[in-house]
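Scroll down for the structure; my scribbles are underneath it.
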Amino acid sequence: CVVPLWSGTSFSAPITNGICANIRSIDGIIMRWPELVRAILLVTAQNVDGGEWNQAIDGRDGAGVISGHDAEIFTKNHTKVAAGNVAAVNGLNISIVRGGDPSKSFNIKIPATKPSFKHLRIVLTWNSIAKTSPSYGIPNRNELTDLDLGIWVGSQFYSSSSDNSNNEIVDIPSSALTPNATYTATVTNTANRISVGEFTYFAIAWTWVYDHAN
């Protein structure tokens, strides 16, 4: 029996929509926040081309294949976190950054036994709003709200800081992480594209994902 290979948005869009509906039905909070849904899909997606996770560049937005199974497991078993949280292995929540706010930090716990064939992924998503302040005058740069994501692991800084999207992805190889250690991920308004008096909602999520699609 030859199984046909289906592709294209007409096939993938309804599948993605069904996965989103499923994870939204699990938790009433997630039902109200599309940023949380996007964070869950991205943080549980599996790499398919050797893994686009390099601390020197942004993770390719949306890279890999979404996993309905992993998204559901994460949604059911995550720890709800807030800035300055008690360190958690699998974290998720929605928060706010206001113009002029300092950075917000989230504590990530590495399990005593690191999962085999997996690495740590941290995802940041937010809702984009247009700035009301005058233009920066920088060509080819949008004026939507922009956040950056970074984490120190020893002397190595892993970060994602694109200027033209509303999500950041950081992947860290298991070999760089120490069992039972705690690391702090930081969300910053580095580009200062959220004016005083304005704010944006963001979701942050982290968990362990397969190095390659299984």
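The values are calculated or read from the model by the stated rules, or taken from the named source; none is laboratory data. Nothing here was measured: the structure is a model prediction, and the numbers come from that model. So basically every Cβ, Gly included, is an ideal-geometry build from the backbone, and we count neighbours across all protein chains shown. The accessibility values were calculated without ligands, DNA or RNA, using every heavy atom of the protein model including side chains. Shrake-Rupley method; radii C 1.70, N 1.55, O 1.52, S 1.80 Å.
Taking label points 7 Å from Cα along the Cα-to-Cβ direction, PHE199 and LYS76 give a separation of 3.4 nm.
Within the full protein context, the accessible area of VAL43 is estimated at about 0 Å² for a probe radius of 1.4 Å.
The largest accessible area among HIS78, HIS119 belongs to the first residue in HIS78, HIS119, and the rest follow in falling order (1.4 Å probe, all chains). Note on ASP101 and ALA83: the extension gain reaches 5.2 nm, defined as 0.36 nm multiplied by sequence separation minus the Cα-Cα distance.
Label zone (ALA112, point 7 Å along Cα-to-C-beta; backbone nitrogen cut-off 17 Å) within the range 175-191: 178-182. Multiplying the residue separation of THR190 and ALA13 by 0.36 nm and removing their Cα-Cα distance gives an extension gain of 60.4 nm.
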